[in-house]
1. Against the definition (farther than 19 Å from residue 107 by Cβ, open to solvent by 20 Å² or more (accessible area, probe 1.4 Å) and touching a Ser or Thr at 6+ places or on another chain (Cβ under 7 Å)), how does residue 185 come out, yes or no?
2. May I ask you to list the residues in region 543-575 that are over 15 Å from the mean Cα position of the chain (by Cα) and either crowded, with 20+ Cβ neighbours inside 10 Å or hydroxyl-bearing (Ser, Thr, Tyr) (or both)?
3. Can you tell me which residue within region 472-488, out of those that are small (Gly, Ala, Ser) and not in a helix (DSSP H, G or I), is farthest from residue 595 (Cα to Cα)?
4. Determine which member of the set 498, 467, 524 is of a type in the set (Asp, Glu) and in contact (Cβ under 8 Å) with a residue 24 or more places away in the chain.
5. Please work out which residue is farthest from residue 70 (Cα to Cα), limiting yourself to region 107-126 and to residues that are in contact (Cβ under 8 Å) with a residue 40 or more places away in the chain and crowded, with 24+ Cβ neighbours inside 10 Å.
6. Output the number of the condition that residue 160 fails; it satisfies all remaining conditions of (1) under 26 Å from residue 56 (Cβ atoms); (2) at pLDDT below 95.
7. Which residue out of 224, 250, 206, 196 is under 21 Å from residue 358 (Cβ atoms), among the hydrophobic types (A, V, I, L, M, F, W, C), at pLDDT 90 or above and crowded, with 19+ Cβ neighbours inside 10 Å?
8. Since residue 358 meets every condition but one in (1) open to solvent by 20 Å² or more (accessible area, probe 1.4 Å); (2) farther than 20 Å from residue 235 by Cα; (3) touching an Asp or Glu at 6+ places or on another chain (Cβ under 7 Å), which condition does it not meet?
Amino acid sequence: MTDKLEEIRAAMMAAQKTGDHLKEHDLAQAGLRLNPDDEFFQYCAVLSLSRCNAKQRALDAFYAYKLHLSNNEYVRALEPRMLKDLAFQEVDITRPKPFEGLGVEHFHTAAVTYHKAYNHFGGHYSAINAATLYMLSGSASSARALAERAIEMAMQDTGPRFFPLATLSEAYLLLDKPIEASAAIREAASYNENNLLTRARMNRQLRLVCSYMGIDPKIVDPMLPETVLHYCGHIFDSHRPLDETAEADLRQRIDQVLADNRCVIAYGSLAAGSDILFAETVLAQGGELNVWLPFAVDAFCDISVRPAGEQWVERFYRCLEQANLVSFATESDFLGEDSLFTYCSEIAMGMTVMRGTSLQAKVMQVAIWDQVVSDQQSSTYSNISKWRGMGHRSEIIDSPVRLPQAVVREFGKHHPTLRREPHAILFSDVRGFSKLSDSGVVWFFNELHPVLAAAIDRYREDVQLVDTWGDAIYLVARKASTVAHIAAELNDAMNSIDQSHLALDEPLMLRIGLHYGPVYKLYDHLAQTVTYSSTDVTKTARIEPVTPPGEIFGTEPLVAMLELEGEHWARYRYAGTIPSAKGYGAFRMFHITPLARREALFCSLDKTGRFIAFGANR
């Protein structure tokens, strides 16, 4: 077991350095399954939840593990750190005045908690965080005094240089000394080995301070020069052959573009030609490769790699072995439907944007393109158009060869007349429905149903199907944002209706599961109406029962499509790899809440160890 635990520790530390919070949390949970009392894995599980934006769940887990009683100062320092994150969570840095209208009590409570940590342990880390939080809570004199003290301690710190320089950067900003801050930021940024996540957090905090102090945030740009990459391009095979000289030249151009833009994290597929060249370059430069395939590995290889030659097959499997993650747009079969390739590309683009948002890093697309405009939905041109349509930068590397116009690739041997198309899927049921009396059932359909229907009616034009049986709702729409909006409004509708006359021990609450995947449009001969079905519909139906009552859970493809659609109205918090109902499989799940909805409760502990609520929803 010891070797296995050490293997998990090493993998988790690697995930932490690149900011792969999802993988970090799953590894921490794997360690806790082997050793539930291990404080290191408990610490990492809490920290990764917080990094996944599941701040309140992280704080709850911190207290559940009793980490506030730890003898380790770094473990105990998690509490003020999470309270700070909770306070910052409502700050939208994209607004002209991000702090306007926000209450100061969250910042003040977090400041006091950091101040207590400073008084107990000392150190410039606690001092500078307390200083910043005091400034944001309006206690400028306390902030300046602690900032001055933090500078003194940072100057005396003989340890690794990045952290005292980060403290100096923040302290000088608080003291309105931009020249000194700029010098400290540039020097801190020069210590950039294996600390991407640390610099990303520092980048965000310094930008918040700049916004509050009225300092141009460009001063912080050197802190995080890295870019998250989406790559795409043409397949090179017998129809578009690539000789050794042309490949060497193309590889050199890819290497130069990725190095110039510091593309350290990449998302894309792995077809023969461009995809594999990008993947090999990312790996050679020491970057993190995240591969998305539209369906199973061997089927994908047979269709998109092997026809180009066995040399590409060997390189394909070598890249898979070295990839950070290999994910699948659908677990179902490939049946000759090229829409699955389009769907997979969209998910990869969405994951790129989501990772960039998580790190607050730049995102870009690099494409190998022959400059031929195509009306094929799965073409390189289509990917470029979608990316640019979101307002992101795309850099084109000219393809050395073009595909003859007379050639049309055929994917696989099947050409079905009935085809699956990607749709957003919602399943919900009601906790407590089975406890209703007959009069309660009548109330459910006559009083509650019209309220729920009204929530759906606002989006009816975008909905392809609404079906119901008993307390269940099954809904299909074109866009991920449509089902997410409907889910949020269904929850609001359920919470707003008076249930006091039902005399239930617990109120009725919706469980809502969301997914995005390929579905068939079919005719239901029993109901004599159109319906939608596929294995991805079944998957959604198995997700809904494991969703906590009153919450909305969505899959990775669903949140990726929310990012791609670009409405930016919701936050997604990683909930973990959760086993679905009836043993259907385990999937990475996200807790989805509207940005406009404030956290229900923030909490801390007083000196006697009792919980204190300080941010109740109002």
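The values are calculated or read from the model by the stated rules, or taken from the named source; none is laboratory data. In this text, all values refer to a predicted model and were calculated from it rather than measured experimentally. A quick note on method: Cβ atoms are made from the backbone with ideal geometry, for glycine too, and the neighbour counts reach across all protein chains shown. Surface accessibility is based on the protein's heavy atoms, side chains included, excluding ligands, DNA and RNA. Shrake-Rupley method; radii C 1.70, N 1.55, O 1.52, S 1.80 Å.
1. So residue 185 fails the test.
2. 543, 544, 547, 552
3. 472
4. Going through 498, 467, 524 in turn, the sole match is 467.
5. Step by step, filter region 107-126, then rank; the result is 124.
6. (1)
7. Every option except 206 fails the conditions.
8. Going through the list (1) open to solvent by 20 Å² or more (accessible area, probe 1.4 Å); (2) farther than 20 Å from residue 235 by Cα; (3) touching an Asp or Glu at 6+ places or on another chain (Cβ under 7 Å), residue 358 breaks only (3).
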